[in-house]
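First the structure, in the form of structure tokens, and then the observations on it.
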Amino acid sequence: MDESIRISVKKFNAWYGEKHALKDVDIEIPRNRIVAMIGPSGCGKSTFLRSINRMNDLIEGFKAQGSMLLDDRDIYDKDIDVTKLRRNVGMVFQKPNPFPMTIAENISYGLRINRMFKGKKDMLLQVEKSLIEAGLWEEVKDDLDKSAFELSGGQQQRLCIARALVIRPQVILMDEPTASLDPISTAKIEELIQVLKKEYTIVIVTHNMQQAARVADRTAFFMLGEIVEYGDTAKMFTKPDKKITEDYITGRFG
Amino acid sequence: MERHFDDELNDMKRNILKMATMVDESIAKAIKALVERNPDIAAAVEADDEAIDMLEIEVDMQCLALLARRQPIAIDLRFITSVQKINNDLERIADLAANIAHRAGVLSKNPQLKPQIDIPKMAELVRAMLKDTIAALVEKNTELARTITARDKEVDEFYVHVFREILTYMMEDNGNIKTGIEHILIVKHLERMADHVTNIAEDIVYMVEGKTIRHKFEK
């Protein structure tokens, strides 16, 4: 598999007003890999995730410094088209947030606003493809015109993943994507993530240590806005380099 | 932060220490049975072995339950998987002590080949290795654990030395062959015990440092 770097971050700093939320973050995220971000609440992992598609720009007083390259282009460059960036960097949130539309419309929405289809037939094909990729097609193929809210929580989350996939991003950010799901839905999402990495680069924030251990190829441990340790997940969960990482992941912390 | 999990891990550790103490006593008793030519002590060692077997199963169950319930990672994972192996090695040492006791029982019914000098000395080496290994486990002292490998070589040399000596008795008089073989098997059992103790010491280094030193793998 291609081990080239998709996202390269050097000396990245971020502030919310006076609060220094990310301090000199250096990290390289390889293509077609799953990278998990772990750490206690307020450690900066979500801030970091939301910096990758500039979601933090929407927060007043947010300021970023340093370099964050997506395929050699600086995400924070003045002339970057943020809308285009977000098309390349999709996001899935903690709580499934389908639009108040039908299942099919939820998926085709991105195609329509980005004018990414050639006629109705092509649009339906793309909708189907995304739903297949998200592992939802078999469950909804006869209900495409029903409201998305009729789906279960786990199905809604897979719908949101399909919605992110339809506009063919390069990177998918997931902010605790299974935090509100039951164990079976969680297992389905985790399986899905493994399949998706063949096509996409995935960055996932999780509070669930075992989830990071199960799904991620690499794991970054954040604390107080810094990356304490970043490396191979199997090593991190058997013999982390730093004592503080060991204390945190084994729950001896604080 | 205090974790209830730590109580469970400590409970398991106490069982391992208890088992190590029982195993050490078994070795001591087996050698006593041999030196004193006492079949009653020999029979007691064989009975003790059953209690050690039961404890082995208990520790095994504790490990499995903790793996299933806690999904341990990092030091917790290394500790539990190491305990599983240490548990198994201790049980094997106890089996070897029982084998020695059994042979001591057989020898007590036969004329004495020679006064027992070397075998008790060798057994003391093995017991000292076991004691230090268990101390290394309690103190997480990998420096001490690393000394065990070198001491295993001493035991190996002892084995070769005693083997040759017994061989001379057998060559002198083929009436000595039966008891001679029993002696050789006893020193072989002691030599194997030292190997198991060495395994335990290596597991302790892995548990504490995450480094593999088995099979001359130390980097």
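The values are calculated or read from the model by the stated rules, or taken from the named source; none is laboratory data. All values reported here derive from a predicted model rather than from experimental measurement. Every residue, glycine as well, gets a Cβ built from its backbone with ideal geometry; the counts of neighbours run over all protein chains shown.
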Checklist line | Residues located in region A:12-69, provided they are touching a strand residue (DSSP E or B) at 6+ places or on another chain (Cβ under 8 Å) and among the polar types (S, T, N, Q) | finding: A:N13, A:N32, A:S46, A:T47, A:S51, A:N53, A:N56, A:Q65, A:S67
Notebook entry, point to check: Residues in region A:154-172: is at least one within 14 Å of another protein chain (Cβ to nearest Cβ), among the β-branched types (V, I, T) and either surrounded by 23 or more Cβ atoms within 10 Å (Cβ to Cβ) or more than 27 Å from A:L69 (Cα to Cα) (or both)?
Noted result: no
Next item on the list: Taking only region B:99-124 into account, find how many residues are of a type outside the set (D, E) and in a helix (DSSP H, G or I).
Entry: 15
Notebook entry, point to check: Is it true that B:F158 is within 26 Å of B:M54 (Cα to Cα), assigned to a helix (DSSP H, G or I) and aromatic (F, W, Y)?
Noted result: no
Item checked: Candidates B:K131, B:K219, B:K188, filtered to the one that is basic (K, R) and at pLDDT below 95 -> B:K219
Next item on the list: Select, from B:T81, B:T21, the only residue that is among the β-branched types (V, I, T) and more than 22 Å from B:H4 (Cβ to Cβ).
Entry: B:T21
Next item on the list: Determine whether region A:90-101 contains at least one residue that is surrounded by fewer than 22 Cβ atoms within 10 Å (Cβ to Cβ), over 16 Å from the mean Cα position of the chain (by Cα) and without any contact (Cβ under 8 Å) to a residue 40 or more places away in the chain.
Entry: no
Note to self: Going by what's in this entry, would B:A30 be described as within 14 Å of chain A (Cβ to nearest Cβ), of a type in the set (G, A, S) and surrounded by 20 or more Cβ atoms within 10 Å (Cβ to Cβ)?
What the structure shows: no
Next item on the list: Can you tell me which residue within region A:122-153, out of those that are closer than 23 Å to A:V203 by Cβ and in contact (Cβ under 8 Å) with a residue 40 or more places away in the chain, is surrounded by the fewest Cβ atoms within 10 Å (Cβ to Cβ)?
Entry: A:G153
Check: Between a first residue in region B:44-56 that is under 9 Å from B:S26 (Cα atoms) and a second residue that is polar (S, T, N, Q) and part of a helix (DSSP H, G or I), which pairs have beta carbons less than 9 Å apart while being 6 or more apart in sequence or on different chains?
Finding: B:V45/B:S26; B:D48/B:S26; B:D49/B:S26
Check: Restricting attention to region A:195-254, which residues are farther than 25 Å from A:A64 by Cα, more than 10 Å from chain B (Cβ to nearest Cβ) and basic (K, R)?
Finding: A:K197, A:K198, A:K242
Check: Which of (1) touching a residue at least 60 places away in the same chain (Cβ under 8 Å); (2) within 14 Å of chain A (Cβ to nearest Cβ) does B:L96 not meet, given it meets every other one?
Finding: (2)
Check: Got at least one residue in region B:17-26 being more than 30 Å from A:R214 (Cα to Cα) and out of contact with any helix residue (DSSP H, G or I) (no Cβ under 9 Å at 6 or more places or on another chain)?
Finding: no
Note to self: Which condition from (1) within 14 Å of chain A (Cβ to nearest Cβ); (2) surrounded by fewer than 17 Cβ atoms within 10 Å (Cβ to Cβ) is the one that B:L77 breaks?
What the structure shows: (2)
Next item on the list: Those residues that are within 18 Å of A:I172 (Cα to Cα) and either assigned to a loop (DSSP other than H, G, I, E, B) or hydroxyl-bearing (S, T, Y) (or both), I need them from region A:115-144; list them, please.
Entry: A:S130, A:A134, A:G135, A:L136
Margin query: Take A:S51 and tell me if it is in contact with a Lys or Arg (Cβ under 9 Å, 6 or more places away or on another chain) and polar (S, T, N, Q).
Written below: no
Item checked: region B:1-27, residues that are basic (K, R) and within 14 Å of chain A (Cβ to nearest Cβ) -> B:R3
Check: Does B:S82 count as polar (S, T, N, Q), out of contact with any His (no Cβ under 7 Å at 6 or more places or on another chain) and within 14 Å of another protein chain (Cβ to nearest Cβ)?
Finding: yes
Check: Does region B:75-86 contain any residue that is over 30 Å from A:I249 (Cα atoms) and assigned to a helix (DSSP H, G or I)?
Finding: no
Note to self: Can you pull out every residue in region B:33-42 that is in a helix (DSSP H, G or I) and either within 14 Å of chain A (Cβ to nearest Cβ) or surrounded by 14 or more Cβ atoms within 10 Å (Cβ to Cβ) (or both)?
What the structure shows: B:A33, B:L34, B:V35, B:P39, B:I41, B:A42
